[in-house]
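No value in this document is a laboratory result; all are computed from the given coordinates. The structure displayed is predicted, hence computed values, not measured ones. Every residue, glycine among them, receives a Cβ derived from its backbone with ideal geometry; neighbour counts consider all protein chains shown.
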Amino acid sequence: MIYYIVNLIFFFLPASRLYAFKKVLLSWAGAKIGKNVRVMKIRVQGVNLYIGDNTFIGDESMIMGGKSNIYIGKNCDISSHVSIISGTHKIGNIDKAAGDGYSEDITIEDGVWIGFGAIILHGVTIGKGSIIAAGSVVNKNIPSGVLAAGVPAIVKKKLYE
Ligand SMILES: CC(C)(COP(=O)(O)OP(=O)(O)OC[C@H]1O[C@@H](n2cnc3c(N)ncnc32)[C@H](O)[C@@H]1OP(=O)(O)O)[C@@H](O)C(=O)NCCC(=O)NCCS
């Protein structure tokens, strides 16, 4: 319910301004937000959210799911229109394919860069310093220090020596 109000207020706020006020709003809703966190016009629903110091989250990005934890580390750059979705369903039956709902924690480690429009699914960890290319769908863990791309995202190359 509190996130509903926060999302409503966010809707009327300028995307690239009032970061301190946005931190107050997210903290009021129960999120743990570090220092110098900048979020644009994002939408959060239902999750326990942690965002580390100096992390940026771009416009129209969405963080939602069931009552799971979403940890976003420090020094991360999460572009616009990124969806971080911790909720899903078991496969049901022929009459209703979406069976029982459940959610799994998502961890985005320090220093990760996620490109525009990527989708990060339930239960996934993205390792420190990795890059997720624009438009990718991450449905499995991505190790540290790599570029991953595509649908589903696979490791394309190692980034650092
Ligand atoms: C990932 C990115 C940074 C390119 O990095 P790069 O080191 O130049 O990568 P390369 O061009 O060497 O590509 C490496 C591989 O990844 C693939 N790849 C790169 N971007 C991809 C994408 N968005 N979707 C699918 N595959 C992609 C390439 O086709 C290549 O695949 P291959 O080795 O099988 O041929 C860039 O493609 C990207 O997605 N940038 C994000 C842009 C963005 O979101 N901007 C908003 C502001 S943050």
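Against the test of being within 12 Å of the ligand (Cβ to nearest atom) and closer than 27 Å to Ile2 by Cα, the options Ser86, Ser61 yield a single qualifying residue, Ser61.
Could you please let me know if Ile84 is within 25 Å of Ala134 (Cβ to Cβ), among the β-branched types (Val, Ile, Thr), in a strand (DSSP E or B) and free of Cβ contacts under 8 Å to residues at least 24 places away in the same chain?
Numbers: within 25 Å of Ala134 (Cβ to Cβ): yes; among the β-branched types (Val, Ile, Thr): yes; in a strand (DSSP E or B): yes; free of Cβ contacts under 8 Å to residues at least 24 places away in the same chain: no.
No.
Residues that are of a type in the set (A, V, I, L, M, F, W, C) and closer than 19 Å to Ser68 by Cβ within segment 2-56 comprise Ile2, Val6, Leu26, Ala29, Ala31, Ile33, Ile42, Val44, Val47, Leu49, Ile51, listed in sequence order. Of all residues in segment 44-72, those satisfying the criterion of being of a type in the set (Ser, Thr, Tyr) and over 16 Å from Leu121 (Cβ atoms) are Tyr50, Thr55.
Take Gly46 and decide whether it is on the phi > 0 side of the Ramachandran plot and surrounded by fewer than 14 Cβ atoms within 10 Å (Cβ to Cβ).
no
Among the candidates Ser80, Ser136, which residue alone is small (Gly, Ala, Ser), out of contact with any strand residue (DSSP E or B) (no Cβ under 8 Å at 6 or more places or on another chain) and within 16 Å of the ligand (Cβ to nearest atom)? Going through Ser80, Ser136 in turn, just one is small (Gly, Ala, Ser), out of contact with any strand residue (DSSP E or B) (no Cβ under 8 Å at 6 or more places or on another chain) and within 16 Å of the ligand (Cβ to nearest atom): Ser80.
Report yes if Asp110 is away from the ligand (no atom under 16 Å from the Cβ) and free of Cβ contacts under 8 Å to residues at least 40 places away in the same chain, otherwise no. Judged against the criteria, Asp110 is not a match.
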